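Inspection log for the structure reproduced underneath, given as structure tokens.
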Amino acid sequence: MVLTVALAGTVAYRVPVQAAVPALDNIRVAIFMELPGKYTLNTPSATLSGAAGLDIGFREPGGTVAVMQTAANEQTQFMLDDYKVRVAETTDLAVAAAAYKRLQTSSGSGMIQSLPKNGKIVYQVLEGSYTTAALAQAALEKWSKDTALSGAAGAGMLVTGPHRLEAGSFGTLAEAREAAQAFGAAGIDAFPAVKPPSAADGQASYSVLVGAAASETGLDAVKTAAAKITAYGSLNLFDPTAGAYLRIVNDHTISQSAKAGVSFALPQEGTKVWVSAAGGPGGVKLTERYNRTYRGAFEISGFNKRLAVINELPFEQYLYSVVGGEMPASWPAESLKAQAVAARTYALYQGFGFKIAHVVDSVLSQAYGGIGYEKEQTIAAVDATKGEVMLHKGKLIEALFSSSAGGATADAAEIWGNPVAYLTSVPSSDEVSEKGLYNWYRVALPDSRTGYIREDLLAPTGSKTLTGLDVMSVKTDGAAVRPIPLVQSSVEPVTRLNTGTRVAVLEKAVQSNEMSWVRGPFSPEALLKSMSGKSATAVAGPVTTLEVGKRGVSGRVTELLVNGRKLDVKTPDTLRSALGGLPSTRFQVDETGRYAILGGSGAARQKPDNSAVYAIGADGKPVKLDDPGLYIMSGKGTVRAATKDPSFRFTGTGYGHGVGLSQWGARSLADAGYDYQYILKYYYNNVTISKDGR
């Protein structure tokens with residue numbers, strides 16, 4: 001790592017207003033952040049690198065100041081100087097590496113650092129990133145019970161923390177390292193640290209941080225031992241909240257070898273680290289976020305005592321990636337332009353929606369994946385619409401959009417309970433998502449169960465069942481019968497059938513997609529678990545019946561009755577998560593265990609109830625129906641797949657909340673020759689498209 005002491009350019013941020021249209025120079029995107037009640041995505045460390053290296057410095061009110069530069073492609077970790085568990089201390093790197101790997105396999109986060117102690121290099125394995133000593137102590141109690149780790153503990157497991165002493169003031173990092181080695185020779189943990197340049201001379205300063213205690217009282221032994229080292233002046237109690245600093249750590253986590261890299265630990269609050277690509281453009285790679293590379297720079301800080309990783313970049317360049325993340329670049333140019341204007345408007349509407357960031361990088365805001373999401377076509381769409389936003393009565397609109405409206409967009413009131421003048425329901429041609437997809441057959445299996453088989457795995461036999469259902473034959477061994485018409489790698493098939501097995505066809509459906517889909521079947525227990533915490537009043541289980549109470553103007557469910565009582569969710573859109581993660585609220589409920597039976601006496605009985613079901617055979621003898629699946633023929637001759645016990649499946653259309661622009665619908669309109677302005681004004685009621693106030 002090369003030391004530099006140079007003033008870096010201040011990154012400007014402003015939100016000027018030009019007539020009614022706001023503009024934004026740079027946007028701040030939270031990649032990792034802890035914001036209780038709104039957004040939580042944590043990482044104990046952030047590993048950054050750049051093709052030409054990185055400039056690392058401090059960000060202060062007056063601008064940014066670079067203090068260090070890394071080598072090309074050198075990976076550098078940043079973490080909080082908080083509470084951790086030291087699970088091992090050893091002079092054997094192989095032992096440290098084994099302890100680190102054990103943490104990885106046991107759902108722990110860890111790092112390997114080295115420091116000189118008692119004339120030797122020792123390796124310490126640290127676990128976690130804890131906001132308090134008490135939380136770290138609880139973790140220590142957990143790890144101390146792990147026999148695979150306890151053997152490598154060396155001097156014993158203990159909680160480390162940010163309570164330290166400080167010694168000296170040095171002009172170079174080399175001098176600070178030499179001083180740290182002097183403390184290490186006495187068996188004391190010591191680390192060099194860098195502080196921002198002073199206003200007087202513009203030079204960075206260095207000191208040595210001595211000890212790593214979980215409390216001030218834990219420093220007593222350190223004070224006694226360190227007081228004997230007088231070459232660097234008096235020792236002072238270090239206050240981590242008194243000013244910005246970076247503690248410099250020799251790190252072996254990445255290399256897993258004796259060659260040490262450099263990591264930085266910053267305080268839980270009060271310090272903002274600025275990291276940018278050295279030598280200008282080229283991007284900064286963030287390992288912990290799928291190895292993505294990003295334009296602009298990164299601000300790393302402690303926020304709510306968790307590591308916050310913010311990508312700051314030019315606003316229009318942010319949109320290059322968003323359009324590519326939200327729509328395939330191969331789609332028509334006019335649909336991409338519509339997405340660009342919607343994304344620009346949406347981001348500006350958010351303001352600082354996440355305290356220290358405008359937006360986050362997930363679909364909670366908009367999909368943003370850095371440079372890898374950009375394509376030539378998405379860049380062109382953003383550039384062609386530069387600065388254009390949508391207004392309603394002179395104000396920015398909340399330009400919501402979703403993947404597919406499923407045939408009709410939602411009125412805002414159907415989703416969140418309150419109407420919005422420009423977010424009303426319109427028909428939407430979303431069927432284009434079904435083009436080229438397989439058809440699937442829902443079939444009755446020989447063992448009475450039900451499932452879906454893809455069309456290319458079946459062949460017609462030309463015969464029918466006694467009830468008039470078509471019979472098909474399996475064409476290959478091991479043909480999967482799926483619970484829904486979709487291959488899901490994480491979901492086991494209902495069963496597998498071999499060549500020649502005959503099945504009865506109940507219905508035909510297109511492969512589940514953004515337009516139309518099937519989910520389930522769900523057991524009463526699974527639904528009860530999914531509903532837990534989603535409603536103001538807990539459901540008194542078990543779930544026996546589900547009925548749609550009310551629908552909105554687009555046909556979306558706005559009220560659901562569970563066991564005859566309204567499920568009082570916060571908003572209608574919450575029904576999606578309450579029902580196991582449905583793609584949309586435009587659905588039908590199939591209560592497979594609910595049906596009516598007309599007895600020989602003429603009396604009707606409604607299922608479900610606790611009684612058994614019997615049928616009278618041709619020989620006049622009653623037979624108890626114990627199979628899980630039942631097939632019931634109505635008086636009109638139609639056959640319905642039912643179940644002996646309560647079970648629930650859902651069929652529906654649309655993917656997402658359905659409010660505003662439908663992305664598949666936008667493609668359909670663009671395919672038909674409509675331009676982006678028409679598309680936007682179709683999906684957003686009574687809006688104007690404005691640029692620079694015109």
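None of the figures in this text is laboratory data; all of them are computed from the coordinates on show. Remember, predicted model here, so these are calculated numbers, not experimental data. Heads up, the Cβs are rebuilt from the backbone with ideal geometry, glycines too, and the neighbour counts pull from every protein chain shown.
Quick look at the numbers
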{"read-out": "Farthest toward positive dipole pole in the chain [+1 Lys/Arg, -1 Asp/Glu at C-beta], among Thr574, Ser473, Val426", "value": "Ser473"}
{"read-out": "From the C-alpha gyration tensor of the range 526-651, square roots of 5λ in Å", "value": "32, 16, 12"}
{"read-out": "Cα centroid separation, the range 71-92 to the range 259-287 (Å)", "value": "14"}
{"read-out": "Extreme residue, positive dipole direction of the chain, given options Val503, Ala212, Gly270 (C-beta unit charges)", "value": "Val503"}
{"read-out": "For the range 53-62, 3J(HN,Hα) per residue [Karplus equation, 6.51 cos²θ - 1.76 cosθ + 1.60, θ = phi - 60°, Hz, x = Gly/Pro]", "value": "x, 10, 9, 10, x, 9, 10, 10, x, x"}
{"read-out": "Hits among lysines - C-alpha to C-alpha of Lys644 under 27 Å, sequence gap 8 or more where chains match", "value": "Lys464, Lys508, Lys529, Lys566, Lys607, Lys621, Lys624, Lys636"}
{"read-out": "Calculated FRET value between Lys393 and Val487, using beta carbons and R₀ = 41 Å, to 0.05", "value": "0.30"}
{"read-out": "Average Cα contact separation per residue, the range 82-248, under 8 Å, 6 or more apart, as relative contact order %", "value": "24"}
{"read-out": "Filtered GluC sites (Glu not before Pro), the range 156-258: DSSP coil and at most 16 other beta carbons within 10 Å", "value": "Glu216"}
{"read-out": "Fewest-first ranking of Phe264, Phe183, using other Cβ atoms within 10 Å as the exposure measure", "value": "Phe264, Phe183"}
{"read-out": "Rounded to the nearest 20 debye, dipole of the range 516-653 from Cβ charges on Lys, Arg, Asp, Glu", "value": "400"}
{"read-out": "Fewest-first ranking of Asp220, Asp92, using other Cβ atoms within 10 Å as the exposure measure", "value": "Asp220, Asp92"}
{"read-out": "Whole-Å distance, taken between Cα centres, linking the range 657-679 and the range 362-423", "value": "11"}
{"read-out": "Reachable lysines, given that their alpha-carbon falls under 24 Å from the alpha-carbon of Lys84 and they are not under 8 places away in the same chain", "value": "Lys101, Lys117, Lys120, Lys142, Lys145, Lys195, Lys223, Lys259, Lys272, Lys305"}
{"read-out": "Reachable lysines from Lys395, criterion Cα separation under 24 angstrom, eight or more residues apart if same chain", "value": "Lys337, Lys355, Lys386, Lys681, Lys691"}
{"read-out": "Point-charge dipole on Cβ atoms (K/R +1, D/E -1) for the chain, about Cα centre, debye to 20", "value": "1380"}
{"read-out": "Charge dipole magnitude, Cβ of K and R +1, D and E -1 - the range 82-248, Cα centre, debye nearest 20", "value": "320"}
{"read-out": "For the chain, with +1 on Lys and Arg beta carbons and -1 on Asp and Glu, the positive-most of Ala615, Ala99, Ile229 along the dipole", "value": "Ala615"}
{"read-out": "Range of Cα positions in the range 409-528 per principal axis (Å), largest first", "value": "58, 35, 31"}
{"read-out": "Alpha-carbon Debye profile of the chain, log10 I(q)/I(0) at 0.08 Å⁻¹", "value": "-0.81"}
{"read-out": "Ranked list, fewest to most other Cβ atoms within 10 Å of each Cβ, for His163, His657", "value": "His163, His657"}
{"read-out": "Ellipsoid equivalent to the range 82-219 - semi-axes via the Cα gyration tensor, in Å", "value": "29, 17, 13"}
